[in-house]
1. Based on DSSP H runs of at least 4 residues, each adding -39500 (n - 2.57), what is the mean residue ellipticity at 222 nm of the chain after dividing by all its residues, to the nearest 500 deg cm²/dmol?
2. Count charges around Cys31 for me, please; just the other residues with Cβ under 14 Å from its Cβ, Lys/Arg as +1, Asp/Glu as -1.
3. Under a Cβ-only charge scheme (Lys and Arg +1, Asp and Glu -1), can you give me the dipole magnitude of the range 3-126 about the Cα centre, in debye to the nearest 20?
4. Can you compute 3J(HN,Hα) from phi for each residue in the range 47-52, using the Karplus curve 6.51 cos²θ - 1.76 cosθ + 1.60 with θ = phi - 60°, rounded to whole Hz and x for Gly and Pro?
Amino acid sequence: MARAVVVSKDPRLAEQHAQALRDAGYQVELCGGPQQEPCPVLGGLPCPLADRADVLVYDAWAVGGTIPARRLVAEVRETYPDLPIVLTSVDESLEWVETEGPHRVTPLEGHPSPTELQAAVQAALADQGMAV
């Protein structure tokens, strides 16, 4: 069974995403994100949750603004280059989002439905290990 980590500062949204993934058969762990809990990756250290994960589901706004979000994604990608990331709550202000290359993510605009989230996670997992 694949394990997903859902990262969001909004507990209600995190639980919605977690339930959608549980319904699809994933094991799920939750993280409140760097604004709520210390983030080891931002300190250059590995993250115990990410170490156990097969996929990360990140709310693009989990760290606040666009610059911190870009930094966090870059740090996670540097630490975990083959770990798929699904980035939710994406909008036009996040022009830095990459869908190819070493810092790529699978972006989802707005607040995805359970079906959209499940499909994005499946696509990200299928693409695992392809970041170059």
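Please treat every number below as a calculation from the coordinates, not as lab data. Just so you know, these numbers come straight off a predicted model, no measurement behind them. Because the Cβ atoms are built from the backbone with ideal geometry, glycine has one as well, and the counts that use them run over all protein chains shown.
1. On the way: 4 runs with 45 residues, N = 132.
Computed ellipticity for the chain at 222 nm equals -10500 deg cm²/dmol.
2. Details: positive: Arg3, Lys9, Arg52; negative: Asp10, Glu15, Glu29, Glu37, Asp51, Asp59.
In short, -3.
3. Working: 9 positive and 18 negative charges, 54 e Å.
Value, rounded to 20: 260 debye.
4. 9, x, 5, 5, 4, 8
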